[in-house]
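Visitor: Please see the structure below; I have some questions.
Bear in mind these aren't lab numbers, they're just calculated from the coordinates by the rules spelled out. The structure presented is a predicted model; accordingly, all values stated were derived computationally and were not measured. Here the Cβ positions follow ideal geometry from the backbone for every residue, glycine too, while neighbour counts run over all protein chains shown.
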Amino acid sequence: MNAIETSGLTKRFERKEDGKKKPFAAVDNVDLAVEEGELFGLLGPNGAGKTTIIKILCTLILPDSGKAFVNGYDVVKEPDKVRASIGWLHGETGGRALYWRLSARDNLRFYASLQNIHPDVAKKRIDALLEFFDMEEDADTLVKDFSTGMKVKVMLARTLLPNPPILLMDEPTVGLDAASAVETRKLLKALSTELGRTILFTSHNMFEVERLCERIAIMNSGKIIAVDTPLKLSEIMREKKAVEVRISETADPKTLGLLQSIEGVGKVIKAEIGEDSSLIQVEVRDEQEAIASIPDFLQGKGYNVISIQRALPTLEDVYMKLTREPA
Ligand SMILES: Nc1ncnc2c1ncn2[C@@H]1O[C@H](COP(=O)(O)OP(=O)(O)O)[C@@H](O)[C@H]1O
Ligand SMILES: [Mg+2]
């Protein structure tokens, strides 16, 4: 069973166009499957529909059509069971939703009582969470005296109080300073690897998603336009075969011409020319063939080849290309 699964999921809103209200699909026929235990990133620019998907999965809003299952439960027919299966966080990791004049422990106690968790169970969970987040020494300090990073920990602990198997996090690092964002990413990773939680989180920051996630869905204008591992996404998007060669000297037009004179080598894609080394990407007919032939050839002409490998576009290239295409 997938932890999260949607098929044909669609949500329409209205928006004004030329003074008239027109319906549009904020979430447009989305099929998504997140496996149990996965750390999955939903990446897309503002307005892509990420928050709307999270809200449907949290049972905050109803879809217009299609299906969504969380922990095997239908978000429309079994919303209570869905709610019992999830921890949910939305752009509030900075701690605005905490009581600043209460300690970390008292905040957690308060939220546990709101969620009808028996005090004995709550005490055990709170102690375990404070230990997991390495906060035992600060447990009785008022939240107002905490750094942002510490507030993030309390927010995450709060989300984990009912012990949900699935965490839905809408832009958990948005608005955080760089150091707290780094800390938050580490915590998400730990929740995934050490506590085995399934995590679906949204972001418009490609670099965080690329580093953190096992798989990524890229979303634009309500549609999922690609789903895969960060590496596979780069590979799929590569239109031409290419290799990159690093040599230990300044490349000049003659060097580039020499490279292109090799059988099976085509256009120069890019050349970063430095004083004591240069990196050149060239299109090739076959990567293995080029990796075998280029170093010998260049070394025969007196160049020192430091490295040669298949050239992949970065996820940034993929993202920019996909989200720029008209929907
Ligand atoms: N309640 C609403 N009423 C009308 N339009 C909405 C509503 N919620 C979201 N939208 C619109 O739906 C689109 C997707 O929004 P959202 O899911 O918040 O995107 P994201 O989280 O990726 O930035 C946007 O164009 C947004 O303006
Ligand atoms: Mg959003």
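Visitor: Output the antiparallel fraction of DSSP beta bridges having both residues in the chain, as a percent to the nearest 5.
Guide: 70
Visitor: Where does each of 151-161, 136-146 land if you order them by average Cβ count within 10 Å, highest first?
Guide: Final packing ranking: 151-161, 136-146.
Visitor: With a 10 Å radius around each residue's Cβ, average the other Cβ atoms per peptide and rank 119-127, 100-108, 60-68, highest first.
Guide: 100-108, 60-68, 119-127
Visitor: Give, as ranges by residue number, the residues of region 176-208 whose backbone N falls under 15 Å from the point 7 Å along Cα→Cβ of Asn163.
Guide: Counting backbone N atoms under 15 Å from the label point, the list is 195-197.
Visitor: Turning to a different aspect of this structure: Under 5 Å between amide hydrogens, which residues at least 5 positions from Ile225 or on another chain qualify, with H placed 1.01 Å from N in the peptide plane?
Guide: Residues meeting the criterion, in which the H sits 1.01 Å from N, are Ile218, Met219, Asn220.
Visitor: In nanometres, what is the gap between the two model label sites at Gln299 and Val182, each 7 Å from Cα along Cα-to-Cβ?
Guide: Spacing of the two 7 Å Cα→Cβ label points: 4.0 nm.
Visitor: Next question, about the same structure. Can you tell me how region 1-56 classifies by the Cα gyration tensor, rounded, prolate or oblate, using a/c under 1.5 as the rounded cut?
Guide: Prolate shape, in that a/c is at least 1.5 and a/b is the bigger ratio.
Visitor: Just add up the charged neighbours of Ser278: K/R +1, D/E -1, any other residue whose Cβ is under 13 Å from the Cβ of Ser278.
Guide: Here the charged neighbours net out to -3.
Visitor: So, in nm, how far is label Lys124 from label Ile61 when the simple model puts each one 7 Å beyond its Cα toward the Cβ?
Guide: In this crude spin-label approximation the distance works out to 4.0 nm.
Visitor: So if R0 is 25 Å, what FRET efficiency would Asn116 and Ser147 give, r being the distance between their Cβ atoms, rounded to the nearest 0.05?
Guide: That pair, Asn116 with Ser147, gives E of 0.20.
Visitor: Follow-up. 7 Å from Cα along Cα→Cβ at both Met320 and Tyr99: what's the point-to-point distance in nm?
Guide: Modelled inter-label distance: 4.9 nm.
Visitor: Give me a comma-separated list of calculated 3J(HN,Hα) values for region 185-200, in order, Karplus coefficients 6.51, -1.76, 1.60 applied at θ = phi - 60°, integers in Hz, x for any Gly or Pro.
Guide: Rounded to whole hertz, the list is 4, 4, 5, 4, 4, 5, 4, 6, 7, 8, 9, x, 6, 7, 10, 10.
Visitor: Right, another one. Once phi is turned into θ = phi - 60°, what whole-Hz ³J(HN,Hα) does the Karplus curve with 6.51, -1.76 and 1.60 give for every residue of region 245-256, x standing for Gly and Pro?
Guide: 10, 10, 10, 8, 8, 5, 8, 10, x, 5, 4, 5
Visitor: Using R₀ = 41 Å, calculate the FRET efficiency as 1/(1 + (r/R₀)^6) where r is the Cβ-Cβ separation of Asp252 and Val174; round to 0.05.
Guide: Between Asp252 and Val174 the formula returns 0.35.
Visitor: Then there's this: I want the antiparallel fraction of DSSP beta bridges within region 118-262, as a percent rounded to 5.
Guide: Taking every DSSP beta bridge with both residues in region 118-262, the antiparallel ones total about 50 percent.
Visitor: Next up: Just the Cα atoms of the chain: what Rg and Dmax do they give in Å?
Guide: Rg, Dmax (Cα atoms, Å): 24.9, 77.
Visitor: Same structure again: Mind listing the long-range amide H neighbours of Gly87? Cut-off is under 5 Å, sequence gap 5 or more, other chains count too, H placed in the peptide plane at 1.01 Å from N.
Guide: Answer set, sorted by chain and number: Ile166, Leu167, Leu168.
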